[in-house]
Structures are given as C-alpha cells and as structure tokens.
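Please read the structure below before turning to the comments.
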Amino acid sequence: MKIWRCTVCGWLHEGENPPEHCPRCGAPAEKFELVDLSLLELEEEDTAVPAIKELTPEDKKRIEPALFRISYGLFVVGSLSGGRINAQVCNTVFQITSAPMRVVIGVNKSNLTHEYIKDSGFFSVCVLGREHMDMVRNFGFRSGREADKFQGIDYTAGVSGAPIIDKCISYMECRVDPQLSVDVGTHTMFMGEVVEGGVKSSEEPMTYAFYRQAKNSAVKTGPAPAPVEAGKTAARQWRCKVCGYIHQGEEPPEVCPVCGAPKEEFELVEDGNTAEQPKGSVNTMKTNDNLMSAFAGESQANRKYLAFANKAEKEGYANVAKLFRAIAEAETIHALKHLEVAGKIGGTAENLTSAVEGEHYEFEKMYPEFLNAAEEEGNSNAVRTFKYAMEAEKVHGGLYNKAKLLVEGGKDFDMADMYLCPVCGWIGGDPLPDHCPICNALAKNFKKF
C-alpha cells in the first residue's frame, strides 16, 4: 500500500492514489507527495508513522462543536486591480509572526477580492468595531461584480493603493508573499508582510460571536422598557425594520446601533398609555425563534409533499396525489402567516436585501462546506446537486442585487421574460443560450416565467 503526505499540513493517506482533497486542510490532490517508505525506520516505535484513521461522518459530527469554540473577528479585506478597488467581509485574519510582522487571510477563490489580491499582490485589512454592523452589511452581502461597494463609503487609498475605510478601529496594509501563500482548495491562504498600519479608535473589536448574537438576537439588545408609573404615559418604542432592534424614546435613533440602518428605517411599535405589549406582536426572541422554526418546518413540508404528490401520480394514485397537493397548500398558508407575524416581510427593497443576503450565504459558506463533505465521503450524487445549487445561487444573488438597485431607484426589474432550467435552477433572460451554462441542459426544456 502507498502512503501519500499532504505537503500543506502533513496529513498521511493510505491508498493507490492521493485523495481529491486533504480531509484535514482541504488542499487538492496535487499538493500530496508519495512517501518513500525505504527512508522510514518503521521498526523503531519512536519514528513510526502514526496510524491515524480518516474521520467518519460520526467523528466529524462529534468534533465539529469544538471548531465553533474558536474565537475570531470580522474584518473588511480590500485590494485593487487595474485602477479599480473592491473589498469583502472576511473572518479568517490572524497574525502569524511578529518579526517580521506577518498576517494571514483566507479568501474564497470565487470572490472578486481574491482576483484583485492575485493581480496586485497587496491587500488591506480593516478591523471592525462593534458599532460597524453597517460595514458588514455593505461589504458582506453583495458582490463587487454587480455593485460598487464603495459608493457612498468614506475611505482613503493606502500606500499600496488598497482601500482603507474610515469606519474601522485599526488597519493594516500587506504585501503578499506568493512563496508562503497556500492553495487550500476552495480558498487561498494569503501570507502578507505588513507594510503600513495604524489604530483609529480604542473601541472593542467586533467578534464573529458578537455579530451573530447581535444579528440573531437584535430585539434583546434594546433597552428593557421601564415600568410605567400610574397615571404616566409609556415611552414610545421604535423597531428597526432591517434587524428588529427595539429603541425606546420619543424619537428613533439617528443610526441603529446593531445594523447601522438610518432613522428612516425605524417604525413606531407602540404609542399609547400602557407599557403592555399589544396582542399578536413579537417581543421575545423565544417566540420569534419559534415562529421562524415553524416557518422552516412548514416550508419544507410543502416542498416534500409536492414531491410525494408527483411520485403518487406516477404510480397511478391520482387521489393520493391530490391529497398531498392540498395539504402542501395548507402548509404554505401556515408558513406565510408565521413569516408575517414574525415581522419578516418588509418592503420590496428590504425583501430583496434579505434575498441577496440569503443567496450569498448559500454559495459562499453553506454549499462549499456541504460540497467538501460530500466529496470526502465520495457521494457523487450529493456532489452534483450541491454544485448545481451553488452555481445557480450565484446567478440568483446577482439577479436579486440588480433588482434591488433598480427598485431603490424607483424602477422595476428590467427582465420581462425569465427562463428557468428545470435541471439545476439556473435563471436567465433573452437572448437565451443554446444550453444551460451550469448543467448543459437544452434551452428548449427551459420553463418560461
């Protein structure tokens, strides 16, 4: 049996061929080298190659919570290429040595910022504070391929030309060392030597844990309503329509302290003579979480029952198919009502922003992780469906973002006829390609909307 060693992390693999990706660090097969067994003194226990087995799905499920305990921050990483600049939110930034001063960043290869870093050989890192949720929203939930992320953003060009945003607590500029940078499959780990930097504020840096808590528990971060004395009027409450943060006062705040939305994005929740929460409103995160869990369950039931209906129809059970479809429609009624009560249906521009965020999460984080796991386990069918979905979500995100920009300008989406590939979910308009650009399905099979 042959033994292959990953040249990135040292992982040892037994087999006739190296794995497609290193199960430890994600490096591709070309990063493996064949170990010369004649050079190993395997008979000596202290120099023997450790017999480390590859992780099973159960092992990974057991170990995964340990990874969630790793603490890291949120940063804006920027670069330049051909006179243009771009930046993205990044959570993989850490110092590796102090002499010389070096930091490492991990950037997804599909991102525009990755291209700019490769082209220019420089990148900037801006450390965000807890008050900079608006920068996360601006640089994290849309692609520089569809929008100018720096429109309306105050920034300066650093000594390398890479952008330094004003809203940060510190910054660094780095020169990439290509010899020490590593291809780890879906991402590149860029090693950068710090050439400039500085501190702008003594604020606390934003951690990813803080970001998730603020984003998912926005209502809790608002001040608790004070008890109302007899005969006195309760203070007004204002809800941020973007993140759900509750502010108490006669007027809404100038800027939401959680997500950075302006005061125009606040709506009056309560304006009366009692501090009691109106019936039917959501004031506790437990109830809000339950509503969203119910929405997810009912939504999944709808799609599942429609799939069951198609199967029943193919097997000749016409009335069973009708039953599945009728109950699927009932589940849709439940799901939409849960979403409405949870306050998750906003205006069209706000809904498009939510859609862009969802699509970006799926193709930048969710599907790459699912795809890696499926490849490691050799599940070719799962690999195919994850790849198709990931590529289709990129297209969906771009379409949503374009529609969002048009709606914000008071215009409707400029694609009247839309075509759906029934195989992979790609969507496009006229002029149509002969084949689907993702799965190669024939255009004659596309469904028109």
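Table for the structure above
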{"item": "Test item: Cα-centred dipole of segment 160-212, Lys/Arg +1 and Asp/Glu -1 on Cβ, debye", "result": "180"}
{"item": "Label-point separation, Val195 to Glu250 (7 Å along Cα→Cβ), nm", "result": "5.4"}
{"item": "Ala416-Glu54 pseudo-label distance in nm [points 7 Å out on the Cα-to-Cβ vector]", "result": "5.4"}
{"item": "Given charges at beta-carbon only (K, R positive; D, E negative), |dipole| of segment 75-199 in Debye", "result": "240"}
{"item": "Additional length obtainable on full extension of the chain from His435 to Ala326, 0.36 nm per residue less Cα span", "result": "35.7 nm"}
{"item": "All-pairs Cα distance distribution in segment 75-199, expressed in whole percent, bin size 5 Å", "result": "2, 12, 24, 27, 21, 11, 3, 0"}
{"item": "Relative packing of peptides 333-339, 153-159, 182-188 - highest average C-beta neighbours within 10 Å first", "result": "182-188, 333-339, 153-159"}
{"item": "Qualifying aspartates and glutamates (Cα of each under 17 Å from Cα of Lys444; at least 8 residues distant if same chain)", "result": "Asp417, Asp430, Asp434"}
{"item": "Whole-angstrom gap from segment 300-356 to segment 51-121, using each part's C-alpha centre", "result": "37"}
{"item": "Pairs from Lys402/Lys447; Lys304/Lys404; Lys304/Lys365; Lys2/Lys61; Lys311/Lys344 whose Cα-Cα separation, in the structure shown, is over 26 Å", "result": "Lys304/Lys404; Lys2/Lys61; Lys311/Lys344"}
{"item": "Mean separation of Cα contacts under 8 Å (6+ apart) over length of segment 75-199, as relative contact order %", "result": "30"}
{"item": "Derived scalar couplings ³J(HN,Hα) [segment 439-445; Karplus, 6.51 cos²θ - 1.76 cosθ + 1.60; whole Hz; x for Gly, Pro]", "result": "10, 6, 5, 5, 5, 5, 8"}
{"item": "Within segment 345-449: Cβ-based charge dipole about Cα centre, in debye rounded to nearest 20 (Lys, Arg +1; Asp, Glu -1)", "result": "380"}
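No lab work stands behind these numbers, since they all come straight from the coordinates. Remember, it's a predicted structure, so these values are computed and weren't measured experimentally. Counting neighbours? That spans all protein chains shown, and the Cβs are built from the backbone with ideal geometry, glycine included.
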